[in-house]
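Here the structure is laid out as structure tokens; the discussion comes afterwards.
The values are calculated or read from the model by the stated rules, or taken from the named source; none is laboratory data. Note that the structure is predicted; figures quoted are calculated from it, not measured. Quick reminder, even Gly has a Cβ in these numbers, built from the backbone with ideal geometry, and neighbours come from all protein chains shown. For accessibility, only protein heavy atoms count, side chains too; no ligands or nucleic acids. Shrake-Rupley method; radii C 1.70, N 1.55, O 1.52, S 1.80 Å.
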Protein chains: 2
Amino acid sequence: VIPPDSPIKDLPTNLDVIAARKRLSGVAIVTPLLNAPQIDEIAGRRVWVKAESLQRTGSFKFRGAWNRLTALKETGDAGRGVVAFSSGNHAQAVVIIMPADAPDAKITTTRDYGAKVVLYDRATEDREAIGRKIQNESGAVLVPPFDDPFIIAGQGTSGAELAEQIAAYESDPLDLLVCCAGGGLASGISLAIEDQRPRMRVRSVEPAGFDDFARSLVAGEHVSNEQQSGSIQDALLTPRPGFKTFALAQSRFGPGLAVTDEEALRAMALAWRWLRLVLEPGGAAALAAALFRRDAIEGDAVAVIASGGNVDPARFAEALATLD
Amino acid sequence: VIPPDSPIKDLPTNLDVIAARKRLSGVAIVTPLLNAPQIDEIAGRRVWVKAESLQRTGSFKFRGAWNRLTALKETGDAGRGVVAFSSGNHAQAVVIIMPADAPDAKITTTRDYGAKVVLYDRATEDREAIGRKIQNESGAVLVPPFDDPFIIAGQGTSGAELAEQIAAYESDPLDLLVCCAGGGLASGISLAIEDQRPRMRVRSVEPAGFDDFARSLVAGEHVSNEQQSGSIQDALLTPRPGFKTFALAQSRFGPGLAVTDEEALRAMALAWRWLRLVLEPGGAAALAAALFRRDAIEGDAVAVIASGGNVDPARFAEALATLD
């Protein structure tokens, strides 16, 4: 029996993903599943790319945020206001506490959406404590970026779409590569495919040196990253897995993968050229794993989530410069 | 009565678009209809963007080419081989005769797809004559880039999709802005929306100084461009409207629009930032018209086709450099 104050109580199921799809219907973009022969050639197998960079606000984060806020309306809590913390993508969808070293584009855009932005230092400050302080002072609802059943279920809707889309093309078992920070996206997707495509398995992709999720899966318990910053894959630097997300992952995920910043930049460039997608470094991590970790992947085909495309022009120009 | 050798015989109808959709079903990408509040703000109205840059081969041209080639199979002509001329997007979908000043990315990619590429000089040579010569020598089927009922109907499938997609959001009459070279895309779309959304109207968008279609509509007869080159909107430099496309346009199109190269570059940059789309200069022309010709457009909302995204990295970097 799970005690009522356990951080792993209220784990979502695929029923919550199905409910989230109803809330998101006609609101979120049904993002396309793309592929390109030039990408397949480099990867050595067919690569299916779910383009969540085309989602409203430029990342999958809109799905969880909308699901969470719509649920607040249903329970009558919407009038209290909302507090959230995020490295940028979740913030643009809901809004607030952001690391001071987030890309300018994410901070500016979050303010453009009308949010009050509170910056903190990744190395010395605790964003969860700042969130609780603001929540206590304002009475607002704290919306966590990933460790929440509504957020996880909302992100999972991308996996439900992918499972339907890929069924038109593939019948074989497939690795499904999903970038991982706190694990909301990957764990939500694992709920959907467990029901819809049970022979597929989710595998986490993280920045090299920040693979807390992969190491936690091996260890069977929460393991933290040693560093808090130092990768351009800024969306993927969460210090440790979430409690709910890790509880879901333990019985569902395959072995995790990690990619370097150089590989992420190269994947951004190749996605620009062959898929005409704009990806941020963290958003290209799963594609980078498909392209550059081919020996660690099984099957004739692989699916990846291209999770976001909020990036500074200078960083993007850096990626383009890797092209011949 | 139209004489049997008339260039305007065999005009396609929406029934041909419907047949093309069946041929393209499960093959072409159903490209998403996107919008972003930041784009709406600049344009002064809601802007719906049909992202054909995400189509296979990076432009809408795949639709017409696939429809044409599938029809060849149906008539038993597929074994004869295929000859085509194109500034690059059509060529990547079918293959051959290209202007020597086409972007490197288009020439290289066309060869990557396995095509034999024949280059010609836009200013001094006639690509149609070169095509006929190769056709006579090889017995291959000449596939024109736009003035063909199967090509027009294939391109029109993007309009059929848009009409369905936009019905979820908009009930008002709308201008639908479509870039125009030979007019295959715009005239095909006009067939689809005439049936599905009769209060919408197609309006051509061309590079400033190359607005042969707009001027032909005003004149009521074919008018040619004075120049053959000199715009970075390389996909839109066809010297004059097609016969079939113009015949369809005369009773269906609203007044044409034109945009400068600087406006196209700026639209590329804004599409990159707010829609996370990779557009080439000509592919951004219709969006540029929505953004920078607001007084010439009617209604609270406008739809545009973002037609292609095959562009050299250096040109793309030039567009990004226009961002603050």
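Note on exposure: A:V118, B:V17, A:V218 ranked by accessible area (1.4 Å probe, complete protein assembly) read A:V218, A:V118, B:V17, with the most exposed listed first. Of B:E170, B:E74, the order by accessible heavy-atom surface (1.4 Å probe, DNA, RNA and ligands excluded), from most exposed downward, is B:E74, B:E170. Among B:V117, B:V30, the sequence by solvent-accessible area, most first, with a 1.4 Å probe is B:V30, B:V117.
Mind ordering B:232-241, A:253-262 by average Cβ neighbours within 10 Å, highest first?
Values: B:232-241: 23.7, A:253-262: 19.9.
Ranking, from highest mean packing down: B:232-241, A:253-262.
In segment A:251-289, the residues whose accessible area drops by at least 40 square angstrom when the other protein chains are added to the isolated chain are A:W272, A:W274, A:R276, A:V278; the probe is 1.4 Å and only protein heavy atoms count. Using a 1.4 Å probe over the heavy atoms of the protein chains, calculate the carbon and sulfur portion of the accessible area of segment B:224-324 as a whole percent. Roughly 45 percent, rounded to a whole number.
Of the whole protein surface, A:K9 contributes about 70 Å² of accessible area at a 1.4 Å probe radius. Each copy carries a label point for A:E226 at 7 Å from Cα along the beta-carbon vector; from one copy to the others these points are 6.9 nm apart, nearest first. By the Stokes-Einstein formula, at 1.002 mPa s and 20 °C, segment B:244-324 with its Kirkwood radius over alpha-carbon pairs has D equal to 159 µm²/s.
Across the identical copies, the label point of B:A100 (7 Å from Cα in the Cβ direction) is separated from its matches by 5.9 nm, in order from shortest. Label point of A:A123 set 7 angstrom out along Cα-Cβ; within segment A:211-241, amide nitrogens under 16 Å from it belong to A:226-232.
Where does chain B land at 222 nm, in deg cm²/dmol rounded to the nearest 500, when only DSSP H runs of n ≥ 4 count, each adding -39500 (n - 2.57), divided by all residues? Provide the component values of the computation, followed by the final result.
On the way: 13 runs with 131 residues, N = 324.
Computed ellipticity for chain B at 222 nm equals -12000 deg cm²/dmol.
With the cut-off at 34 Å, report for the protein assembly as shown the share of all Cα pairs above it, as a whole percent. Let's see the in-between values first.
Numbers: 90040 of 209628 pairs.
Within the protein assembly as shown, distances greater than 34 Å cover 43 percent of Cα pairs.
Once the convex hull of the C-alpha atoms of segment A:1-41 is built, how many Å³ does it hold per residue, rounded to a whole number?
156
Between B:S187, B:S229, B:S158, the Gaussian network model of chain B with springs among Cα atoms under 10 angstrom shows the greatest mean-square fluctuation at B:S229.
Using a 1.4 Å probe on the protein chains only, how many percent of the accessible area of segment B:106-202 belongs to carbon and sulfur? Don't skip to the end; give the middle numbers.
Working: 1770 of 3790 Å².
Answer for segment B:106-202: carbon and sulfur cover 47 percent of the accessible area.
Remark on segment A:97-164: Rg and Dmax equal 14.8, 44 Å (Cα only).
Distances between copies at B:G44, taken between label points 7 Å from Cα along the C-beta direction, are 5.7 nm in increasing order.
Semi-axes, largest first, in whole Å: what does sqrt of 5 times each Cα gyration tensor eigenvalue give for segment B:194-238? Working shown, then result.
On the way: eigenvalues 119, 39, 10 Å².
Largest first, segment B:194-238 gives 24, 14, 7 Å.
Taking amide H as placed 1.01 Å from N in the peptide plane, A:V205 has its amide H under 5 Å from the amide H of A:V178, A:C179, A:C180, A:L257, each at least 5 places away in sequence or on another chain. Placing a pseudo-label 7 Å from each Cα along the Cα-to-Cβ vector at A:Q227 and A:D295 gives an inter-label distance of 2.5 nm.
Would you mind working out the accessible area per residue for chain B, using a 1.4 Å probe, and quoting it in Å²? Don't skip to the end; give the middle numbers.
Values: 11950 Å² over 324 residues.
On a per-residue basis, chain B sits at 37 Å².
Computed from backbone phi, the HN-Hα couplings of segment B:122-135 come to 4, 7, 10, 10, 10, 5, 5, 5, 4, x, 5, 4, 5, 4 Hz, rounded to whole numbers (Karplus: 6.51 cos²θ - 1.76 cosθ + 1.60, θ = phi - 60°; Gly and Pro given as x). Taken over the Cα atoms of segment A:141-204, the convex hull encloses 65 Å³ per residue. Electrostatic tally near B:P103: other residues with Cβ closer than 15 Å to its Cβ, Lys and Arg +1, Asp and Glu -1, net -2.
Highest mobility in the GNM of chain B, judged by mean-square fluctuation with C-alpha springs under 10 Å and restricted to B:S53, B:S216, B:S190, is found for B:S216.
Quick check: from the Cα gyration tensor, does segment B:109-248 come out rounded (a/c under 1.5), prolate or oblate? Cα axes put segment B:109-248 in the prolate bin. Remark: accessible area buried at the A-B interface is about 2500 Å², both chains counted, probe radius 1.4 Å.
The lysines within cross-link reach of A:K133, meaning a Cα-to-Cα straight distance under 27 Å and a gap of 8 or more places when in the same chain, are A:K9, A:K61, A:K73, A:K106, A:K116, A:K244.
Need one number for segment B:201-299: average projected area of the convex hull over its C-alpha atoms, nm². The Cα convex hull of segment B:201-299, projected and averaged over all directions, gives 6.4 nm².
Electrostatic bookkeeping for A:Q38 treats Lys and Arg as +1 and Asp and Glu as -1; over the other residues with beta carbon under 11 Å from its beta carbon, the sum is -2.
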